[in-house]
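Each reported figure results from applying straightforward, stated rules to the coordinates on display, with no laboratory input. Values in this document were obtained by computation on a predicted structure and should not be read as measured data. Note that each Cβ is placed from the backbone with ideal geometry, even for glycine, and that neighbours are counted across all protein chains shown.
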Amino acid sequence: MSGGSHAGRPKSWAAVAVIFIGFIVGGVALAMGPNWPVFFVGAGIVVLGGIIAFAVDIMSDVVVDDGSR
């Protein structure tokens, strides 16, 4: 049994939430016409979330099981 957790840290989930909000804003903007200025605001939020994810080292949350049981 793996001793690691796949849950992730709260900082990583905050970065994922920011990225998700950016996708929501961009998706709503596309459905509204498309409304390109709002779409690009959403894209900017996604980029900001990526920067946050990089800053909190989100990739260190990945747990790779060694396969032994």
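Phi-derived couplings, Karplus 6.51 cos²θ - 1.76 cosθ + 1.60 at θ = phi - 60°, listed residue by residue for the stretch 49-54: x, x, 5, 4, 4, 5 Hz, with x used for Gly and Pro. Working from label points 7 Å from Cα in the Cα-to-Cβ sense, the residue 20 to residue 61 distance is 1.0 nm. Taking label points 7 Å from Cα along the Cα-to-Cβ direction, residue 9 and residue 31 give a separation of 3.4 nm.
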